[in-house]
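Colleague: Handing you a structure now.
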Amino acid sequence: MRLEKDNVTREEVIRFYAGYDRRKKGQHLPLSDMDAWPWDDPRGLDLKLEANGLKHGVLAAYRTWGLVEFGVTDLLECAVYNGIFRGEPQALSQLILRGKLDGWSPDRDTDWWQPIREGSVLGVDSALIARPSVRSEEPARWYFEDGSGRALALLQRILRYSDVGRTCWVYLGREPDQRSIFIRDRPELRDEGLGWGRLLRIR
């Protein structure tokens with residue numbers, strides 16, 4: 001793992017995510033009212049995200065983020081959305097041991113599936129979004145809030161072709177906002193230094 005940029009603001013990450021998600025849905029114009037969003041109010045931001053059909057909870061729950069580069073060992077420490085492999089673990093390391101990745105493919109058309117399979121680079125413009133894991137996601141260290149499918153496709157490519165030098169970019173939640181309902185409901189995420197002591201030593 002390599003830290004590229006520290007102290008990325010909540011506003012930067014939400015604007016990035018909203019732009020990526022809207023482009024994915026064919027909505028290429030930015031949201032017109034984002035300049036007036038309550039950037040220091042996690043509850044107000046959640047309401048705005050939800051009203052615009054965007055994921056809410058985690059994105060507003062962190063005041064600052066880090067932009068990091070994940071390699072294969074970092075991916076193996078991550079968990080993915082529990083709806084992908086129902087009744088199975090969420091940790092990628094455990095899913096691999098159970099042979100779940102070999103035959104996996106997305107359950108809908110995507111613009112990233114074939115390019116990743118063919119070896120395209122996942123640039124910063126398609127960064128994934130992750131946070132520290134909660135107990136139900138152990139033994140994973142991180143959880144992909146956005147990008148579980150891309151992470152699975154990338155790891156599948158790495159393992160299939162021994163393409164171990166391949167990496168991806170990730171916005172990683174750093175400083176939790178104690179006012180966030182998401183953080184308040186998950187005590188294990190309240191520690192502002194969670195995971196970052198080790199991360200900052202890996203540059």
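Colleague: Determine if the stretch 25-46 includes at least one residue that is hydrophobic (A, V, I, L, M, F, W, C), out of contact with any Cys (no Cβ under 7 Å at 6 or more places or on another chain) and within 16 Å of GLY149 (Cα to Cα).
Modeller: No, that holds for no residue.
Colleague: When you check THR64 against the structure, is it outside any loop (DSSP other than H, G, I, E, B) and farther than 22 Å from LEU189 by Cα, yes or no? Walk me through how you get there before you give the answer.
Modeller: Working: outside any loop (DSSP other than H, G, I, E, B): yes; farther than 22 Å from LEU189 by Cα: no.
Here the answer is no, as THR64 does not meet what is asked.
Colleague: Among the residues of the stretch 1-33, write down those that are in contact with a strand residue (DSSP E or B) (Cβ under 7 Å, 6 or more places away or on another chain) and assigned to a loop (DSSP other than H, G, I, E, B).
Modeller: Answer for the stretch 1-33, where residues must be in contact with a strand residue (DSSP E or B) (Cβ under 7 Å, 6 or more places away or on another chain) and assigned to a loop (DSSP other than H, G, I, E, B): just MET1.
Colleague: Exactly one of (1) of a type outside the set (Gly, Ala, Ser); (2) more than 30 Å from GLY44 (Cβ to Cβ); (3) part of a helix (DSSP H, G or I) is unmet by PHE182. Its number?
Modeller: Every condition holds for PHE182 apart from (2).
Colleague: Residue check: is GLU69 under 24 Å from GLY165 (Cβ atoms), within 15 Å of the chain's Cα centre (by Cα) and surrounded by 12 or more Cβ atoms within 10 Å (Cβ to Cβ)?
Modeller: Against the criterion (under 24 Å from GLY165 (Cβ atoms), within 15 Å of the chain's Cα centre (by Cα) and surrounded by 12 or more Cβ atoms within 10 Å (Cβ to Cβ)), GLU69 qualifies.
Colleague: Which residue is surrounded by the fewest Cβ atoms within 10 Å (Cβ to Cβ), if the candidates are limited to the stretch 104-130 and must be of a type outside the set (A, V, I, L, M, F, W, C), closer than 22 Å to GLY87 by Cα and touching a helix residue (DSSP H, G or I) at 6+ places or on another chain (Cβ under 8 Å)?
Modeller: SER105
Colleague: Got a number for residues in the stretch 147-203 being in contact with a helix residue (DSSP H, G or I) (Cβ under 7 Å, 6 or more places away or on another chain), at pLDDT below 95 and among the acidic types (Asp, Glu)?
Modeller: 2
Colleague: With the condition kept exactly as written, say whether any residue in the stretch 125-132 is more than 18 Å from LEU54 (Cβ to Cβ) and among the aliphatic types (A, V, I, L, M).
Modeller: Scanning the stretch 125-132 turns up no residue that is more than 18 Å from LEU54 (Cβ to Cβ) and among the aliphatic types (A, V, I, L, M).
Colleague: Considering only residues that are closer than 16 Å to GLY71 by Cβ, surrounded by fewer than 23 Cβ atoms within 10 Å (Cβ to Cβ), in contact with a strand residue (DSSP E or B) (Cβ under 9 Å, 6 or more places away or on another chain) and touching a residue at least 40 places away in the same chain (Cβ under 8 Å), which ones fall in the stretch 141-189?
Modeller: Within the stretch 141-189, ARG141, THR167, TRP169 meet the criteria.
Colleague: Hey, among the residues in the stretch 45-66 that are touching a Phe, Trp or Tyr at 6+ places or on another chain (Cβ under 9 Å) and among the basic types (Lys, Arg), which one's surrounded by the fewest Cβ atoms within 10 Å (Cβ to Cβ)?
Modeller: Filtering the stretch 45-66 for residues that are touching a Phe, Trp or Tyr at 6+ places or on another chain (Cβ under 9 Å) and among the basic types (Lys, Arg), the one surrounded by the fewest Cβ atoms within 10 Å (Cβ to Cβ) comes out as LYS55.
The values are calculated or read from the model by the stated rules, or taken from the named source; none is laboratory data. Nothing here was measured: the structure is a model prediction, and the numbers come from that model. Positions of Cβ are generated from backbone atoms using ideal geometry, with glycine treated the same way; all protein chains shown enter the neighbour counts.
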